[in-house]
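**Student:** I am attaching a structure below and will ask some questions about it afterwards.
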Amino acid sequence: QALDSKAQVFVAAERNIVPEKAVDNINLMSDGRGATNVIRNVINNRKYDETLIEVKLLNALNRIMGKDAQFESIRVQEISAGKEAGETVWEVYLQEKGSSRFPLSQSGSGLKTIILVLLNLLVLPEIDAQNAYVFAFEELENNLHPALQRRLYEYVYSYATENKKY
C-alpha cells in the first residue's frame, strides 16, 4: 500500500493529557489534546466498546508498567473546575492496586506518554476501522525512566510484529 493510503498517526514530543470540556467526537491531537474525551467517549458512549479502555488499554498499561505500578481501573469523571461557567469538565482517573484513585493530571508525563501511545496503537484503529497505519512517535524517551522506556519500546515492537504493522 502507498504511504498516502495509510492513516498517519503522530505523537509529538510536547504532549500532555489534561482535563477537558466534554466533546462528543473522537479527535486525538498529536500533543494529547482530545485524549480525555477519547477515553470518556469510549467508556461512556454505547456505540463504542468500553473494554477497549477498561481491559485492552489497561492490560497493556500494566504490562508496560511492570512492577513499577499496577492499575485496577481507569475512569473519566466530572470535576468541578469550569462548572461555574456552565461547562462540564472531565478528568481521567487511575486507581492503583491497594491505593486510592488519583487524577492523571497529578501524575508524571511518562505515564501520560504511555497512555497516549496506547490510545494511538490500540484504541483509535479499532474506532476508525482503518487497516493500514503509519505511526510516528517523537521523543518517547522524554521523562521516562530507562526501564519504562525499554518496556514501552518492547511493547511497540511486539505490537508491530504481532499485528504486521511494520
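**Student:** Under a crude label model (7 Å from the Cα following the beta-carbon direction), how far is ASN163 from MET29 in nanometres?
**Tutor:** With each label placed 7 Å out from Cα toward Cβ, I get 2.4 nm.
**Student:** Given labels modelled 7 Å from the Cα in the Cβ direction, how far is it in nm from GLN77 to PHE102?
**Tutor:** About 1.5 nm separates the two model spin labels.
**Student:** Between LYS56 and ALA129, what is 0.36 nm times their sequence separation minus the Cα-Cα distance? Round to one decimal in nm.
**Tutor:** Length gained between LYS56 and ALA129: 24.6 nm.
**Student:** Here are several values of log10 I(q)/I(0) by the Debye sum over Cα atoms at q = 0.09, 0.17 Å⁻¹: (i) -0.54, -0.95; (ii) -0.34, -1.10; (iii) -0.29, -1.07. Which one was derived from the coordinates shown?
**Tutor:** Comparing each candidate, only (iii) matches the computed number.
**Student:** I've got another one for you. If you take every residue apart from ASP49 with its C-beta less than 13 Å away from the C-beta of ASP49, what net charge results, scoring Lys and Arg +1 and Asp and Glu -1?
**Tutor:** Its environment carries a net charge of 0.
**Student:** How much length is gained if the chain between ASP49 and ARG150 is pulled fully straight, taking 0.36 nm per residue apart and subtracting their Cα-Cα distance, in nm to one decimal?
**Tutor:** In short, 33.4 nm is gained.
**Student:** Then there is this: Going by a ≥ b ≥ c, the root eigenvalues of the Cα gyration tensor, does the range 94-155 fall in the rounded group (a/c under 1.5), the prolate group (a/b larger than b/c) or the oblate group?
**Tutor:** Oblate shape, in that a/c is at least 1.5 and b/c is the bigger or equal ratio.
**Student:** Next question. Sort 13-19, 142-148 by the packing proxy (mean of other Cβ within 10 Å over each peptide's residues), most packed first.
**Tutor:** Top to bottom by mean Cβ count within 10 Å: 13-19, 142-148.
**Student:** Is the range 1-63 rounded, prolate or oblate when judged by the Cα gyration tensor, a ≥ b ≥ c being the square roots of its eigenvalues, rounded requiring a/c under 1.5 and prolate requiring a/b larger than b/c?
**Tutor:** rounded
**Student:** Counting each DSSP H run of 4 or more residues in the chain as -39500 (n - 2.57), what helix-only mean residue ellipticity at 222 nm follows after dividing by all residues, to the nearest 500 deg cm²/dmol?
**Tutor:** Mean residue ellipticity, 222 nm, calculated: -9000 deg cm²/dmol.
Bear in mind these aren't lab numbers, they're just calculated from the coordinates by the rules spelled out. The shown structure was predicted, so the numbers you read here are calculated from the model rather than taken from an experiment. Cβ sites come from the backbone with ideal geometry, for glycine too, and all protein chains shown count toward neighbours.
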